[in-house]
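Student: So that we are looking at the same thing, I have put the structure below in structure tokens.
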Amino acid sequence: MPRRPGHRCRARRPCGAGLLPEPLFTYLRYDAETHPVSLEELGVAHLSADDLDRIDGVDFIEEMCEFGRAIASRVDPAHFAGFI
């Protein structure tokens, strides 16, 4: 039966509990915006949002790598506490 948001389980262990008492990994995702304002905030305003957004833009690999490095500079190692 599908669960609704806020649905409470009646189980011996908490809803979503795995087989192990502690999780072994954390899923962490950083979303990057390619809007001109976001590119300016990242210091890569010279890059084209249209070029970065092309899924088939192999001609723009270097620009995509530059954008990726700019995003990577904003990753906070504290988000990985206990894992690194």
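Student: Exactly which trypsin sites (Lys or Arg not before Pro) in segment 20-76 are in a DSSP loop and have at most 10 other Cβ atoms within 10 Å?
Tutor: Working: sites: R29, R54, R69, R74; in loops: R29, R54, R74.
Those satisfying the criteria are R29, R74.
Student: While we're on this one: Please list log₁₀ I(q)/I(0) at q = 0.15, 0.19, 0.24, 0.32 Å⁻¹ for segment 30-76, using the Debye equation with identical point scatterers on the alpha-carbon positions.
Tutor: -0.33, -0.53, -0.84, -1.34
Student: If you count only protein heavy atoms with a 1.4 Å probe, what accessible area per residue comes out for segment 34-78, rounded to a whole Å²?
Tutor: Working: 3180 Å² over 45 residues.
On a per-residue basis, segment 34-78 sits at 71 Å².
Student: Could I ask something else about it? Can you figure out the FRET efficiency of I71 with L20, using R₀ = 22 Å and their beta-carbon distance, to the nearest 0.05?
Tutor: On the way: r = 32 Å, r/R0 = 1.45.
My answer for the efficiency is 0.10.
Student: Ok, one more. At E62 and Y30, where each label point lies 7 Å from the Cα along Cα→Cβ, what is the point-to-point distance in nanometres?
Tutor: Here the answer is 2.3 nm between the modelled labels.
Student: Something else about it: When the accessible area of segment 28-77 is split by element with a 1.4 Å probe, what percent falls to carbon and sulfur?
Tutor: On the way: 1880 of 3680 Å².
Whole-percent figure for carbon plus sulfur exposure: 51.
The values are calculated or read from the model by the stated rules, or taken from the named source; none is laboratory data. What you are looking at is a predicted structure, and each value in this text was computed from that prediction instead of being measured. All Cβ positions, glycine included, derive from the backbone under ideal geometry; neighbour counts span all protein chains shown. Side chains included, ligands, DNA and RNA excluded: accessible areas come from the protein's heavy atoms. Shrake-Rupley method; radii C 1.70, N 1.55, O 1.52, S 1.80 Å.
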